[in-house]
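Values quoted throughout were computed directly from the atomic coordinates according to the rules given, and no laboratory measurement underlies them. Note that this is a predicted model, so its numbers are computed, not measured. Cβ sites come from the backbone with ideal geometry, for glycine too, and all protein chains shown count toward neighbours.
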Amino acid sequence: MTVQTTLANNPAGTQGPAGPTGATGATGATGATGATGPAGPPGGVLAAETEIEVTGTVAQTILTYAPALALQVQVGGYLRVVAAATITVKVQYTDAGGTVQTVTLINGVAEPVGPLPLDTIGLSVNPAAITVTVTSSVANAVYVSAFVASGSAGGGTAIASYDTTVLTKLSLAPVYYWKLNDPPGSTTAADSSGNGETLTASGTVTFGGASVVPSDSETSCSADGSTGLLSTATVPALLPTGGASFSFIMAARYTGTLPADTAWGTVAGNGLFGSAGHGYLAYPSAVGNEMLTLVTAAETIHATAPLSPGNCLLGVTYDGSMSAIYLNGVLAVASTPSTTTWAAGVINLFGNVGNNFPTGYPIGRVAVFAGVLTPKDWRLLMQAFTGV
């Protein structure tokens, strides 16, 4: 017979130790490298020339560079002048719109011996040649260094308006500045220097004429040639006199007809235009109060370059011993010893009583500076005057 025995329940066993760690999975494949982006413009100096001698008296190309793509560039340089010469520096390029442009950095300015840094300009150019050319009136007188570099120079050096240039861009601020753009019918002319030296009209003075500055449309003033004057009531307090240095500038329109020298004289020199087609200026002196007639101990200094009909910028400087006359920013009469000391006279525009400018010679933008304007000042003035 079979006997069945019921055994007690076997309790659950304790969990065994963990099995060994499985093998590490294989590393995933590296993703593909992205496509290379378009090349950026080259950095730094793109082209440069150093100490290139200007060997003739016609325009000489100093540097040429043609970028491979449209980009922003800077163009600048430095001149070393070893003999006094009249110098022109131009940059030609093709702008972003595809138009060939020319920027004039120096526009036919008489430069003395010495260093002459060029203002750096910023340009937006197309892939076409950028050229820097220099013209000197004297061969072998100028050595030029020039460069083209990537990047902008603050968007370029814009040419400031003529008034802004006179008031804020020169090495000297004017002590007096009469724009002569007062409304038609005015009996006074305001001083824009901030020094409050108002001019008062007497006789026949006409405001509201066409601008004598080619780059703008501000009006000018003229007189009848016999009675018309604009004058200060007293001697201006800031007027340089005695042996003090000064500069005067004024814009005028020359109509092509000159008065006879006998009507103007060679000692007092009353007026704006002198004999044989030569222009000159006058300053209040011991022989009279004629505004902008430069008088030496001997006679008036006459400019050697005949005036051409049209608008012109006339200037005179005195450094305490030497006088000079400028026509359109260029030295027209070299420095001349002047032993005359300048009298403390009132200022008259359009002559001195009977010695007046002839009819039809409008003037404007008369400025007086207590010091001598620099070559760079004349460049800035002419850029603003012409707008180029």
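The stretch between Ala210 and Thr61, if pulled fully straight at 0.36 nm per residue, gains 49.8 nm over its current Cα-Cα span. Neighbours of Ser161 by Cβ distance under 13 Å: Lys/Arg scored +1, Asp/Glu scored -1, total 0. Can you give the local net charge around Pro117? Use residues other than it whose beta-carbon is closer than 11 angstrom to its beta-carbon, Lys and Arg +1, Asp and Glu -1. Value of the local net charge: +1. For segment 39-188, a simple Cβ point-charge model (Lys and Arg +1, Asp and Glu -1, everything else neutral) yields a dipole of about 80 debye relative to the Cα centre. Stokes-Einstein diffusion for segment 52-195 at 20 °C, viscosity 1.002 mPa s, with a Kirkwood radius from C-alpha pairs, works out to 124 µm²/s.
Take the Cα of Ala160, step 7 Å toward its Cβ, do the same at Asp119, and the gap between the two points is 0.9 nm. Count Lys and Arg as plus one, Asp and Glu as minus one, and take only other residues whose Cβ is under 14 Å from that of Tyr326; the net charge is then -1.
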